[in-house]
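Let me begin by presenting the structure, written as structure tokens, before commenting on it.
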Amino acid sequence: MTLVSHEAPSRASFILASQGDNVKISTIGSRAWLIEAPGDFDLPAQRRIWSLAATLRARDDVESLIPGVTNLLVLFRQTPEDYDATFALLVAAWEQAQAVHPQGKLIEIPVIYGGEHATDLDAVCQHTGLSPREVIRRHSQGSYTVFSLGSAPGFGYLHGLDPSLATPRKKVPSLNMLKGTVTIGGAQTGVSALTGPNGWNAIGFAELTLFDPRAENPALMAPGDSVRFLPERIEL
């Protein structure tokens, strides 16, 4: 059964409930619809989001699709005339979406762990109860998947962090974190794409360009890519 609840005239939200599979569909303005996968931050949910995006990309009335972390923003070319029909269309597309396994490329990133740029390694150790070498060992042994790009051009949200390394984002962000800084933010890890303010925890540094506007493919990472961090040097 589909349950529909209206939060407010300007922002309606719907929740689909079917055999424990709950998906939230919300409108943002008149042309944008946000579809949020149920469950936790996990790979199966993201694979369904990728499948959903592939299905909707073929529609002429869709202007653009913006995949996020277990969510998808759908922007229609025109304001849908039939609200209920649009909702039903998105529900049906979600129900039909099957997990896909994109054949992304493998990106291996040499990292200098510790050192002057790892300004939050001690904080990660204090939060996790692990030694610096153990944090580095577990982080570098992980196999990561790019869920989506966002926050800054070329920045990839990476899934696959050892749960024991999860560390909340900082309450006071660093104001000038260098691009290439390897970070942990909550249950995710990543590499800063631009120099500037950043609330994630810095544990290392990589000489890496994640975004080049002059390149044929400006972003190094793409959803579905695999990432490995290779310890080039450890400075403790």
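The values are calculated or read from the model by the stated rules, or taken from the named source; none is laboratory data. Computed from a predicted structure; not experimentally measured. Every residue, glycine as well, gets a Cβ built from its backbone with ideal geometry; the counts of neighbours run over all protein chains shown. To get the accessible areas, we keep the full protein, side chains included, count just its heavy atoms, and leave off ligands, DNA and RNA. Shrake-Rupley method; radii C 1.70, N 1.55, O 1.52, S 1.80 Å.
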Original post:
When only residues in the range 63-84 that are among the polar types (S, T, N, Q) and in a loop (DSSP other than H, G, I, E, B) count, which is surrounded by the most Cβ atoms within 10 Å (Cβ to Cβ)?
Top reply: T70
Original post:
surrounded by fewer than 18 Cβ atoms within 10 Å (Cβ to Cβ), under 21 Å from G186 (Cβ atoms) and either in contact with a helix residue (DSSP H, G or I) (Cβ under 9 Å, 6 or more places away or on another chain) or modelled with pLDDT of 95 or more (or both) - does that describe any residue in the range 52-62?
Top reply: no
Subject >> Within the range 124-168, considering residues that are under 18 Å from the mean Cα position of the chain (by Cα) and among the polar types (S, T, N, Q), the one surrounded by the fewest Cβ atoms within 10 Å (Cβ to Cβ) >> reply: S143
**OP:** Test each condition in (1) assigned to a loop (DSSP other than H, G, I, E, B); (2) touching a residue at least 40 places away in the same chain (Cβ under 8 Å) for P44 and report the one that comes out false.
**Re:** (1)
**OP:** Inspect the range 160-171 for any residue being in contact with a Gly (Cβ under 9 Å, 6 or more places away or on another chain), assigned by the TED database to the domain that holds T128 and farther than 27 Å from I49 by Cβ and give the result as yes or no.
**Re:** yes
Original post:
Is there any pair linking a residue in the range 148-172 that is hydroxyl-bearing (S, T, Y) to one that is open to solvent by less than 20 Å² (accessible area, probe 1.4 Å), with Cβ under 6 Å and at least six apart or on different chains, and which?
Top reply: S148/G68; Y157/F147; Y157/S148; T167/V124; T167/I184; T167/N201
